[in-house]
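Trainee: Input: one structure, supplied below.
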Amino acid sequence: MKIKKYLPGIFMAFLIAIISTFLGNKVHIIGASVFALIFGIILNLIIKDKTPYKNGLKFTSKKLLKTAIVFLGASLSIQQILTIGKYSLYVMSFTLLAAFGSGYLLSSILKINWKMSTLISAGTGICGGSAIAAISPTIDADESDITYAIAATFIFDILMIILFPIMGNLLGLSDLSFGLWTGTAVNDTSSVVAAGYAFSDQAGEFATIVKLTRTLAIIPIVLLFSFIGAYKKGKEYKESNNEIQVNKGRYLIEIAPWFILLFLVFSVINSLGYISTNLKDSLNIISKFLMAMALGAIGFNTDIKKMVRAGINPMILGFLVSLIVVVVSLIVQFSLGQI
């Protein structure tokens, strides 16, 4: 492998991540990953000759993204579930089912491909861009699908930051109820914090705890879609080979998302308490930075024309799924007597 041909693209992604991380720390309602995606798209439109950057950006968007996901596992602890109680877990179960169930049904009506609808559902049901980035390699999602899905969830996150505190007051929600509602219905962590603390300090604290635990849903969802993605890739592999009998071991090695195994290993090790707080914090920072690099590369590689051809339907899907999750969270809380 000639390293020189990869350096320009990797260095560009690195610079995007540096600037995006700085801005993400300054503007808390917009994460570094979203900034990176935006800068990648802008550079895509400005730079005409993309050839020198092609190899490095492809490496970053594929390999470094998987590395970011592996390190993300170190920040997830199953023990966090015990800190938030049965009510929030109950609500989260319904909102996740609502996100993926409505996404699946509406995508057929709106004629949206299953990969994009899965990413939009994951972003809405779990944790915005992080969930989209984590699931995208397991289903081999196209850059334009990833970009559109993140854009859809981000736009509605901004609206939720503004509307949730207003609606919470109109509905007369308690700090506990509003925190549970925000933590289960708003997508990105920074948006949850912003909306929660806009209502009250107590609501903000509870919303943050619920949201961090909701992030744990990445573990089973990524694992599930790694099997779905492997199955579909295996099917395509068989169809693309005219051999009478395909070597199962051969195509399993080619299609299996092995990085998911490392992701799970890190999660289990952290859950058992074998990762120190300092190391966990360091791996979390590295994971976020690598994810910003990867999303900058994805933004740069996005086929803008393909996104335009997709039309407004994916955005409509994002709005409808978000609305359904918001309503379901309230309904479940009402049925539990929390409202």
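Trainee: Determine the pairs where a residue that is touching a residue at least 60 places away in the same chain (Cβ under 8 Å) and under 19 Å from Phe154 (Cβ atoms), located within region 97-125, has a partner that is among the polar types (S, T, N, Q) and surrounded by fewer than 24 Cβ atoms within 10 Å (Cβ to Cβ) with Cβ atoms under 6 Å apart, the partner being 6 or more residues away or on another chain.
Mentor: Ile112/Asn313; Ser117/Ser107
Trainee: Return yes when Tyr53 is farther than 25 Å from Leu283 by Cβ, at pLDDT below 85 and aromatic (Phe, Trp, Tyr) and no when it is not.
Mentor: Spelling it out, it is not the case that Tyr53 is farther than 25 Å from Leu283 by Cβ, at pLDDT below 85 and aromatic (Phe, Trp, Tyr).
Trainee: Does Ile304 satisfy the criteria of being touching a residue at least 40 places away in the same chain (Cβ under 8 Å) and exposed (fewer than 14 other Cβ atoms within 10 Å of the Cβ)?
Mentor: yes
Trainee: Considering region 152-183 alone, what residues qualify as being free of Cβ contacts under 8 Å to residues at least 24 places away in the same chain and assigned to a helix (DSSP H, G or I)?
Mentor: The answer is Leu159, Ile162, Leu163, Ile166, Met167, Leu170.
Trainee: Name the single residue, out of those in region 238-261 being of a type outside the set (Val, Ile, Thr), part of a helix (DSSP H, G or I) and crowded, with 16+ Cβ neighbours inside 10 Å, that is modelled with the lowest pLDDT.
Mentor: Tyr251
Trainee: Residue check: is Ile150 surrounded by 24 or more Cβ atoms within 10 Å (Cβ to Cβ), hydrophobic (A, V, I, L, M, F, W, C) and closer than 21 Å to Tyr231 by Cα?
Mentor: So Ile150 does not fit the description; no.
Trainee: I've got another one for you. For residues in region 157-204 being surrounded by fewer than 23 Cβ atoms within 10 Å (Cβ to Cβ), hydrophobic (A, V, I, L, M, F, W, C) and closer than 29 Å to Met293 by Cβ, which is modelled with the highest pLDDT?
Mentor: Top of the filtered list is Met160.
Trainee: Just to be sure before I move on: is Ala141 modelled with pLDDT of 85 or more and in a helix (DSSP H, G or I) in the structure I sent?
Mentor: The answer is no for Ala141.
Trainee: Which one is modelled with the highest pLDDT, of the residues in region 1-36 that are in a loop (DSSP other than H, G, I, E, B) and surrounded by 14 or more Cβ atoms within 10 Å (Cβ to Cβ)?
Mentor: In this case the residue turns out to be Tyr6.
The values are calculated or read from the model by the stated rules, or taken from the named source; none is laboratory data. From a predicted model like this one, the values you see are computed outputs, not experimental measurements. Cβ atoms come from the backbone with ideal geometry, glycine included; neighbour counts cover every protein chain shown.
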